[in-house]
Each structure stands twice: as structure tokens, then as C-alpha cells.
Amino acid sequence: MITRKSRDEIKRMRHAGHIVALVHKKMREVVEPGISTKELDAIAMEVIKENKAIPTFLGYNGFPACICTSINEKVVHGIPNEKEILKEGDIIAVDVGATYGGMVGDSAWSYAVGSISEDKKRLMRATEEALYAGIAKMKAGNTLDDISGAVEDVAKSYNMGIVRQYGGHGVGHSMHEDPFLFNYRVGDKTLIKSGYVIAIEPMLNLGGDEVFVEDDNWGVVTKDKMPSAHFEHTVLATDDEPILMTTLME
Ligand code: MG
Ligand code: MG
């Protein structure tokens, strides 16, 4: 069942989303060659705790960290590790959730480590553009398929692979609520109503669509080992323009 969030729930989610945005602001500053993903996790934890929130991911289905760090061909769900050191030319997707007042904000962003190849730049541009195309359709009266289709169209215009097994989701009292949101058209005519909050999160690949889960049962990697990017915002539907919940508040 998809729930419409009350004003009070939305207020708390907006605060959670602000904290998530603070983590990303910090990531933008510290992502550089030489830092380990474990250090990134510790920094994210600090920001979340400083702001009196709870790291949503830590312990979620047993996940051992408060961010997911997915480098190059890793798509999502990478576990931070002290031996995993960022190097020039990498791209890293950092996914983070914060819970504040019982409500969750969820946002992922891909970052360039130093200077990256033109292909990786194009992949990141395509994925970010797909995210915003999806967000633009998050309006009362549209369907879920309108969002999915907008994401798919951008991915196809850049000739990028689309990860099929993972997608966006409702978010609120818990990180994953109904509905599931595909990143390509499936014909889902579910109507969007004001008060729905959905995490929209395209995962695009420079190569093919295919991915597999690594031996640690978490990390998801492209089958062809080509790079993948991930951008995500938590978004509130209204009768008017969509509202981003995971940006910095003024
Ligand atoms: Mg996320
Ligand atoms: Mg998500």
C-alpha cells in the first residue's frame, strides 16, 4: 500500500533529507585519491551523529556500514573497506540514508575521483539527467510509468545500459515502502497522488544491462565490468511541482 505523508511526517522527512544532503556535501569535499571507503563511512557517520540522526543503513538487513560505496563497475551496495583506496580516474557512488524523528531520507550521488575519462563523464551526465527527468514527472495525476519512461528515454538517448533488478521505492517510516519504481517502462499505471514520497534512483551502465551479486552477498557488479553510475533523490509529489527532500535546507 502506498501511503500519503502528513504535513508532520513530511517536515521530519525534510529534516532527515537535509542531513543526508549534509553528508553528500562533506563527501564532495573529501572524495579524492588516497582516501579509503572505510574513512568515508566514518566521516558520514560523524555527520549523521552530529545532527542527532540515525544511520538508516547500519544494520539494515545486516548491512555493516552507514553508507554504500560502489566504485567503477560496482553498481550499488558496496561495503566500505579500509583496503579499498580511491584512485585517480575512479568514479564512486555513495548512497546514504538518515532517519530523523522516525522518518527516512535516502539519496545517492556519484563522484569523480580526480580527473576521469570522457566515457565516465558521459555516464555520470546521463545518469544525473535521467534522475532529473524522472523527478520532473513526479506529480499528482501522472503515473509511475511516466517517471520510469522519462528515466528510460534519457538512458536510451545516451545509449546506456539500464540496471533492471533494482530501482526506486517509496520511503517514509522505513527505507523501502511501496511502490517499487522501475527505471524503464513496465506499463505501471498507478496514479501518483500528492503526499507520496518516492526515492527515484536510476542506475545506468556504460555497457550492457546485466549485473550480478558478489560473493559477500551485497556488492552488485556489472557483468561486463564496465562502469556504472547511480544518482538518487527522495522526492515529494504535490499537485504542483515536485519537492526534493534530500537537498540542503536554507
Ligand atoms: Mg539510496
Ligand atoms: Mg533508495
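The values are calculated or read from the model by the stated rules, or taken from the named source; none is laboratory data. Values in this document were obtained by computation on a predicted structure and should not be read as measured data. Virtual Cβ from ideal backbone geometry, glycine too; neighbours counted across all protein chains shown. Note: accessible area is taken over every heavy atom of the protein model, side chains too, but ligands, DNA and RNA are not part of it. Shrake-Rupley method; radii C 1.70, N 1.55, O 1.52, S 1.80 Å.
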Hey, which aspartates and glutamates would be in cross-link range of Lys189, C-alpha to C-alpha under 12 Å, not counting anything within fewer than 8 residues on its own chain?
Asp145, Asp146
Using 7 Å Cα-to-Cβ label points, what is the Asn61/Asp224 separation (nm, one decimal)?
2.6
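What FRET efficiency, computed as 1/(1 + (r/R0)^6) with R0 = 25 Å and r the Cβ-Cβ distance, is obtained for Ala112 and Met1, rounded to the nearest 0.05?
That pair, Ala112 with Met1, gives E of 0.05.
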Take Ser194, project a point 7 Å from its Cα along the Cβ direction, then tell me which residues of the stretch 113-142 have their backbone nitrogen under 20 Å from it.
135-142
Calculate the spin-label point distance for Arg125 paired with Thr143, positioning each point 7 Å from the Cα along the beta-carbon direction, and give it in nanometres.
3.3
Treating cross-link reach as a plain straight distance, find the lysines whose alpha-carbon is under 20 Å from the alpha-carbon of Lys5, omitting any fewer than eight places away in the same chain.
Lys137, Lys139, Lys193
Trypsin sites (Lys or Arg not before Pro) within the stretch 112-193: DSSP coil, no more than 10 neighbouring Cβ in 10 Å
Lys189
Linear extension gain, Glu241 paired with Glu210, 0.36 nm per residue minus alpha-carbon span
7.7 nm
How large, in percent, is the carbon and sulfur part of the accessible surface of the chain at a probe radius of 1.4 Å?
51
